[in-house]
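Down below is the structure, laid out as structure tokens.
The values are calculated or read from the model by the stated rules, or taken from the named source; none is laboratory data. Quantities reported herein were computed from a predicted structural model and do not represent experimental measurements. All Cβ positions, even for glycine, are placed from backbone atoms using ideal geometry, and neighbour counts span all protein chains on display. Calculation scope for accessible area: heavy atoms of the full protein, side chains included, ligands and nucleic acids excluded. Shrake-Rupley method; radii C 1.70, N 1.55, O 1.52, S 1.80 Å.
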Amino acid sequence: MEQKNSRDNSYDVAKGLCMILVVFGHAERGLSASGAPPQFSLLGFVDYAIYTFHMPFFFFVSGLFFSFGKNTDSGDFFIKLGKNIAYPYLFWSLLHGGLMVAMGRLGLTNTVIDFTRILEIPWNPISPFWFLYALLFCQLASFALKQISALIRLASALVLFTLLYSLGHSVLWDIAYGFLYFTLGIVAKQYGFQQKRYDAHLFIALFVAFAISTYLSWQAEIPERLPFISAVLGIVLITALSQILTRRKNAISSLLETFGRLSVGIYVMHIIAIGFGRAVAIKLFQITDMTSLLIVTTVIGIALPTIVHMAAIRLGIHEWLALPASAYRSQTTSRRLSSTPANS
């Protein structure tokens with residue numbers, strides 16, 4: 001019997017690509033802050049380009065797959081919100097904060113915090129968990145305002161984002177920043193974004209447009225969160241690339257798909273993994289070359305959380321660790337079915 005698979009794997013590939021960019025960006029900035037050798041030319045522009053769109057992409061995709069209706073049960077919504085966002089935020093903020101305190105005292109991290117900072121997580125997220133914090137409010141706001149047209153919400157989100165930028169409130173601006181692209185994802189869904197398909201020619205055109213737009217913003221020293229056009233171009237660009245890779249069905253696309261389906265685990269653990277990798281590389285192996293350090297810390301920042309996440313699923317403790325398993329399990333099930341000969 002032929003198996004039906006309605007899941008669009010290209011978005012898992014896209015999440016895998018962007019998660020690599022997240023880890024790379026944090027590894028690069030961590031090395032710069034730790035007193036590693038000066039960054040080589042072009043890295044500054046690459047850093048700026050990555051930060052214009054990689055987090056907007058995750059908010060956009062969250063909005064794209066955010067499903068609710070006028071008759072959506074409020075109880076079910078809040079249960080899922082607590083399980084999928086609030087619990088992971090609290091669990092990993094507490095764990096990450098505790099490890100940051102211990103590792104900071106041992107000189108293994110760039111940032112040193114104390115336990116009083118951990119008590120502030122209900123209103124002041126610890127990096128990088130601002131994303132989960134903002135996503136929580138994005139979903140709450142979208143659910144509460146579901147009777148209002150998505151286009152009106154998008155326009156309001158843009159005004160709110162601009163206003164909070166001028167006021168300089170970092171946490172509220174994080175939420176407004178996420179809400180802008182989350183709502184853009186909802187609007188894109190209504191206009192059939194998920195049904196659009198891109199080929200290599202469109203990818204090249206998008207790449208050139210993104211490079212030019214981002215370079216002009218970089219030269220003008222516009223803060224990385226403000227180039228809205230570059231962010232939108234980057235989102236569509238990564239979507240186009242993921243579709244091209246998915247159609248090829250090779251080892252690279254398969255690996256990226258796995259990273260995408262385990263992206264939550266990579267995201268919540270990668271900072272600790274990067275710090276561990278950097279400490280081992282510099283203090284144990286005496287690696288001081290910037291390029292080598294960047295490669296090592298990026299690979300460890302992706303590989304270690306992936307291994308831990310997969311092990312947690314195998315051991316059946318993923319729910320206690322606030323790590324999802326459904327996407328990864330559906331991937332492995334699909335692969336087993338595809339490798340099983342069909343009955344004739």
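Can you work out which of the residues in the stretch 191-209 that are touching a residue at least 40 places away in the same chain (Cβ under 8 Å) and in a helix (DSSP H, G or I) is farthest from the chain's Cα centre (by Cα)?
A200
Looking only at the stretch 157-179, which residues are hydroxyl-bearing (S, T, Y) and closer than 19 Å to N124 by Cα?
Residues satisfying the conditions are Y165, S170, Y177.
Determine if the stretch 59-74 includes at least one residue that is within 29 Å of K283 (Cα to Cα) and either modelled with pLDDT of 80 or more or under 22 Å from the mean Cα position of the chain (by Cα) (or both).
No: the stretch 59-74 contains no residue that is within 29 Å of K283 (Cα to Cα) and either modelled with pLDDT of 80 or more or under 22 Å from the mean Cα position of the chain (by Cα) (or both).
When the stretch 101-122 is examined, which residues are found to be at pLDDT below 80 and polar (S, T, N, Q)?
Correct list: T109, N110, T111.
Picking from G82, G98, which residue would you name as being out of contact with any helix residue (DSSP H, G or I) (no Cβ under 8 Å at 6 or more places or on another chain) and at pLDDT 85 or above?
None of the others qualify; the one that does is G82.
Among the residues of the stretch 203-223, write down those that are open to solvent by 80 Å² or more (accessible area, probe 1.4 Å) and over 19 Å from G44 (Cα atoms).
Listed by number, the list holds a single entry, I204.
Could you check G178 against (1) touching a residue at least 12 places away in the same chain (Cβ under 8 Å); (2) on the phi > 0 side of the Ramachandran plot; (3) small (G, A, S) and say which number it fails?
Among (1) touching a residue at least 12 places away in the same chain (Cβ under 8 Å); (2) on the phi > 0 side of the Ramachandran plot; (3) small (G, A, S), the lone unmet condition for G178 is (2).
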